[in-house]
Amino acid sequence: MTDVRPTSPAESESVLHTLFGSELGGHEQVVLCQDRETGLKAVIALHSTALGPALGGTRFHAYASEEEAVRDALNLARGMSYKNALAGLEHGGGKAVIIGDPDAIKTEQLLLAYGRFVASLGGRYVTACDVGTYVRDMDVVARECRWTTGRSPENGGAGDSSVLTAFGVFQGMRAAARVQWGEPTLRGRRVGVAGIGKVGRYLVQHLVEDGAEVVVTDVKQAAVEAITEKFPQVTAVSDVDVLVRAPLDVYAPCALGGALDDETVAALTATVVCGAANNQLAHPGVEKDLADRGILYAPDYVVNAGGVIQVAEELKGFDFDRAKAKAAKIYDTTLAIFERAAADGIPPAAAADRLAEQRMAEARGTGSAGVPRQVRQ
Ligand SMILES: NC(=O)c1ccc[n+]([C@@H]2O[C@H](COP(=O)([O-])OP(=O)(O)OC[C@H]3O[C@@H](n4cnc5c(N)ncnc54)[C@H](O)[C@@H]3O)[C@@H](O)[C@H]2O)c1
């Protein structure tokens, strides 16, 4: 997917042009919410409900401007349509942003006010955690809004989603190994994991159990020590620059976005890239550079869908085994993307977009319009 990035000052002022007049827009509904008493300013963007109620998290962030917040909501909501479509969910894409520094303005009253706005959409949008919001926040939102997921187990939720996110990334990596080396295993491969936080450390465990040789790096020394203590066979390097230049078969970015910039792609020794981080491609065109260098890139939003699969499953009453079985399908989806990429002569990131668009186009024929079954007449 192309990011919604302004190319000129004039364009940057015209978020409405993006929405109504560009191929990056076309969102079904955008809701601006305000509650002056609590300081809530929020944007809820529903990109598509073709596959079902829009599902996506709530980002709480101190945006530089309201326009930037709306643009981010539009971009993130669009991304969720693609992610949910390829995760095989009966959900369209949506996302909300709350404008402001969460450390300064997040209160229970603000979250409750936000919950009332989400509830006012009658189930067309289902919310969850994102950057700046946590399981405990969703517990609060859920008091006003039944269309809330990502809650704590004590409140009927599934809790931390990183377990299934890591499992899904591992499945995507197995698919890439099969394409690159003929067998769906990382046994005997050298895998570099950048970022061993919530997702990265579970991924390391899968890799070790599969017989891979694992090298890690993290800016937090405590995280490195915890993992090398648990798995003494895992080695660590000082930083990401050293990691990507080390001899690797697989590079797994599991820290921040933008991990695959021109310099990194040129320096990579790995021939597979598959990790949890969102928005790994630093700019359009990187996916082609990777392909030109013979590096197989497993699209981020496909392999890191375990988390959204988990929150979608929570809505049905969470069953870990059922959710895990669904996340295991990330293996087949990733393989299908690599096959489509080879058949169409395009990079896997473009093939993923095509498959997602195909699924949404097919669903548009159903006319469900995102209205949840329980309120459909
Ligand atoms: N948690 C989920 O379920 C989930 C789902 C989908 C996508 N993701 C994405 O996966 C990535 C990791 O998520 P997480 O939940 O594990 O986050 P996290 O914050 O728990 O872990 C990130 C780790 O990366 C480290 N890090 C940050 N900058 C670094 C750098 N420059 N070099 C090396 N290490 C660095 C941090 O110290 C931290 O240990 C994020 O991009 C997130 O958006 C997470």
Check your understanding: Which numbered condition trips up PRO253, out of (1) in contact (Cβ under 8 Å) with a residue 40 or more places away in the chain; (2) within 12 Å of the ligand (Cβ to nearest atom); (3) in contact with a helix residue (DSSP H, G or I) (Cβ under 6 Å, 6 or more places away or on another chain); (4) of a type outside the set (Ser, Thr, Tyr)?
Key -> (3)
**Study point:** Boolean, LEU186 is touching a helix residue (DSSP H, G or I) at 6+ places or on another chain (Cβ under 9 Å), in contact (Cβ under 8 Å) with a residue 40 or more places away in the chain, of a type in the set (A, V, I, L, M) and in a helix (DSSP H, G or I)
**Key:** no
Check your understanding: Any idea which of (1) more than 27 Å from ALA69 (Cα to Cα); (2) within 14 Å of the ligand (Cβ to nearest atom); (3) surrounded by fewer than 19 Cβ atoms within 10 Å (Cβ to Cβ) is the one TYR134 doesn't satisfy?
Key -> (1)
Exercise for review: Pairs only if they're at least six apart or on different chains, beta carbon under 8 angstrom, first in the stretch 268-281 and not assigned by TED's automatic domain parsing to the domain that holds GLY197 and part of a strand (DSSP E or B), second more than 14 Å from the ligand (Cβ to nearest atom) and among the basic types (Lys, Arg); list them, first residue then second.
Suggested key: none
Point to revise | Residue identified as surrounded by 16 or more Cβ atoms within 10 Å (Cβ to Cβ) and either among the hydroxyl-bearing types (Ser, Thr, Tyr) or away from the ligand (no atom under 11 Å from the Cβ) (or both) among ASP261, ASP160, ASP218, ASP210 | key: ASP210
Check your understanding: (1) within 21 Å of GLN171 (Cα to Cα); (2) within 14 Å of the ligand (Cβ to nearest atom); (3) surrounded by 15 or more Cβ atoms within 10 Å (Cβ to Cβ); (4) in contact (Cβ under 8 Å) with a residue 40 or more places away in the chain: which one isn't true of VAL244, the others all being true?
Key -> (1)
Review point. Mind checking whether some residue in the stretch 181-191 is polar (S, T, N, Q) and within 13 Å of the ligand (Cβ to nearest atom)?
Key: no
Practice item. Can you give me the ranges of the helices (runs of 4 or more DSSP H) entirely in the stretch 12-120 with at least 2 residues that are closer than 25 Å to GLY365 by Cα and not aromatic (Phe, Trp, Tyr)? Key: 15-21, 66-86
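The values are calculated or read from the model by the stated rules, or taken from the named source; none is laboratory data. Computed from a predicted structure; not experimentally measured. We place every Cβ from the backbone using ideal geometry, glycine too, and count neighbours over all the protein chains shown.
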